[in-house]
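Enquirer: What follows is a single structure, and I will ask about it in a moment.
Please treat every number below as a calculation from the coordinates, not as lab data. Note that the coordinates shown come from a computational prediction; the quantities given were computed from them, not determined experimentally. Note that each Cβ is placed from the backbone with ideal geometry, even for glycine, and that neighbours are counted across all protein chains shown.
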Amino acid sequence: MIRISEMANLDVINLADGSIMGLIDDLEIDLKSGKVTGVIIPYDHGFWSFISGGSEHVVPWKNIVKIGDDVILVDCKEGGKAGVKRE
C-alpha cells in the first residue's frame, strides 16, 4: 500500500520513450465508484506556469505499469508528456 503523499515524491517515467514526465500533483477519482482513474502531472513547474495557470496531463490509471520505491513507471505510447492535456 502507498499513500498519496508518498506518490507525490516519485518521478513518473514513461516506458514508451524513457522520458521523465514529472511528479504527481494530484489524483483523479471517480466519485461514484471511489476508484482512482488517473494521476495528474503538471506540464511545467516554472514561475510563469503559476501566473498563466499552466497545464496538466492526466495519465490514466490503467497506464501505470509499476509503482516502485523510487519511481512510477507508466506506458503512454503517445510519448513524452502523454495522457490527456488540459489547459
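Enquirer: List the residues whose amide H sits under 5 Å from the amide H of residue 19, counting only those 5 or more places along or on another chain, with H placed 1.01 Å from N in the peptide plane.
Expert: HN-HN under 5 Å from residue 19: 14, 80.
Enquirer: Right, here's the next one. ³J(HN,Hα) across the range 6-20 via Karplus (A = 6.51, B = -1.76, C = 1.60, θ = phi - 60°), whole Hz, x for Gly/Pro?
Expert: 6, 5, 5, 9, 9, 5, 9, 10, 8, 5, 5, 9, x, 6, 8
Enquirer: Taking H as built 1.01 Å from N, whose amide H comes closer than 5 Å to the amide H of residue 72, not counting residues under 5 places away?
Expert: Amide H neighbours of residue 72: 11, 12, 13.
Enquirer: Using 7 Å Cα-to-Cβ label points, what is the residue 55/residue 31 separation (nm, one decimal)?
Expert: In this crude label model, residue 55 to residue 31 measures out at 2.7 nm.
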